[in-house]
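Quick notes on the structure that follows.
The values are calculated or read from the model by the stated rules, or taken from the named source; none is laboratory data. The structure presented is a predicted model; accordingly, all values stated were derived computationally and were not measured. Note that each Cβ is placed from the backbone with ideal geometry, even for glycine, and that neighbours are counted across all protein chains shown. For accessibility, only protein heavy atoms count, side chains too; no ligands or nucleic acids. Shrake-Rupley method; radii C 1.70, N 1.55, O 1.52, S 1.80 Å.
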2 protein chains.
Amino acid sequence: MFSKATEYALRATIYIARKSSEEHKLGIEEIAKAINSPKSFTAKILQKLTANNGIISSVRGPGGGFYLSSKAQKRPVRDILHVMEEDGVLGKCVLGLKKCSEAMPCPMHAEYKGIKQQLIQLFEHTTIQQLAHDADRIIPSNKQGRH
Amino acid sequence: MFSKATEYALRATIYIARKSSEEHKLGIEEIAKAINSPKSFTAKILQKLTANNGIISSVRGPGGGFYLSSKAQKRPVRDILHVMEEDGVLGKCVLGLKKCSEAMPCPMHAEYKGIKQQLIQLFEHTTIQQLAHDADRIIPSNKQGRH
DNA sequence: ATAATTAAGGACAAAAATATCCTTTATTTT
DNA sequence: AAAATAAAGGATATTTTTGTCCTTAATTAT
């Protein structure tokens, strides 16, 4: 469905959301290891997500690393796709036709329409935070420690 | 969602289903033009779909070309994906995790699960013929001429 | 100030996907 | 049999994606 770059972007962002805070930032080494992705390639992707006050925040130097602001946590997952320039795939015609629409439907349009809408809804209405919390219910993170 | 190659494969197969028969075969030139795809690249794809009694039938020489047997018409669209080695994307984890399952769910598993099932159902239960007929209801093909 | 740490960024390499061209083979028509 | 037609197949080129490595810049600790 998505490119590797976007998969890494999603995995990394969710991981950072689960394990980091402004007080406890994460290094690229840890992140790449945790989400099982190539380190340098992942670094590039995080750069993209960090650029011009993006989704991820970062600080250089000792004690530095990546974290998600609480504001960023509330952003929809679709924003990650947008930065990765892959939000197009959600609304795209399954057969790849540029001019596929209600007026000019491709042969799969009627059949695929509903699924497409659900996909858009999913990525638009789900926040990064929600996914992080969902994941925590299964395998608790130790972000603020377990009681 | 799918690679260009697979998009062309789907478009070409549906086009052939709509416009061809054993008595009236289609040439690669016409097909590529109709589905708006690069001719030689499409030829390779049709080769793949034709190989060892595959989905598409072909005959060389004058009067030759590509067509779909009535048996092939009844095959599920998923078979096209299978030949293109992309049927994996249907069942794949959205985050690209190899070991994502009900027992080891990724952070999006619960949210995406339903959509994934619908995707599999769609491609498994829809036949090439059904798509061809659907398309014909909108823009009639002149396969056996209009009355 | 200097050294250490960590992300940012540039340059480059490798692999995969997409695309083109040319030759060969099968089939039909003349 | 020869010529014409159309797909099959091989070789190669181009572009995009994925991945690595090294240098630079920012920040902190000594």
On a 29 Å Cα-Cα criterion, which of the cross-link pairs A:LYS99/B:LYS48; B:LYS33/B:LYS113; A:LYS33/B:LYS113 come out too long?
B:LYS33/B:LYS113
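When only the heavy atoms of the protein chains count and the probe is 1.4 Å, how do A:SER101, A:SER37 rank by accessible area, highest first? Write down the numbers at each step before the final one.
Details: A:SER101 45, A:SER37 20 Å².
Ranked from most to least accessible, the order is A:SER101, A:SER37.
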Any idea how far apart B:ILE139 and B:LYS33 come out in nm if each label point goes 7 Å out from Cα toward Cβ?
1.5
Quick one: buried accessible area between B and A, total over both chains, 1.4 angstrom probe, nearest 100 Å²?
2800
Heavy-atom accessible area of B:CYS93 with all protein chains present, probe 1.4 Å, nearest 10 Å²?
10
If you roll a 1.4 Å probe over the heavy atoms of the protein chains, what accessible area per residue do you get for the protein assembly as shown, in Å²?
54
Scoring chain B by relative contact order with C-alpha pairs under 8 Å, at least six apart, yields a percentage of 29
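For the range B:1-43, which whole percent of the accessible surface, found with a 1.4 angstrom probe, sits on carbon and sulfur atoms?
50
Rg to Rh ratio, the range B:9-147, alpha-carbon atoms and Kirkwood radius?
On the Cα set of the range B:9-147, Rg over Rh gives 1.07.
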Leaving ligands, DNA and RNA out of it, rank A:ARG75, A:ARG60, B:ARG18 by accessible area with a 1.4 Å probe, largest first.
A:ARG60, A:ARG75, B:ARG18
Counting other C-beta atoms within 10 Å, and keeping those with at most 14, which DSSP coil GluC sites (Glu not before Pro) do you find in the range B:1-107?
B:GLU22, B:GLU23, B:GLU85, B:GLU102
Counting each pair of different Cα atoms once, what's the Kirkwood radius of the protein assembly as shown in Å, rounded to one decimal?
21.3
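Calculate the dipole size of the range A:28-138 relative to its Cα centre from +1 charges on Lys and Arg beta carbons and -1 charges on Asp and Glu beta carbons; express the result in debye to the nearest 20.
Around 220 debye, computed over the range A:28-138.
Mind ranking A:GLU124, B:GLU111 by accessible surface for me, highest first, 1.4 Å probe?
Largest accessible area first, the residues go A:GLU124, B:GLU111.
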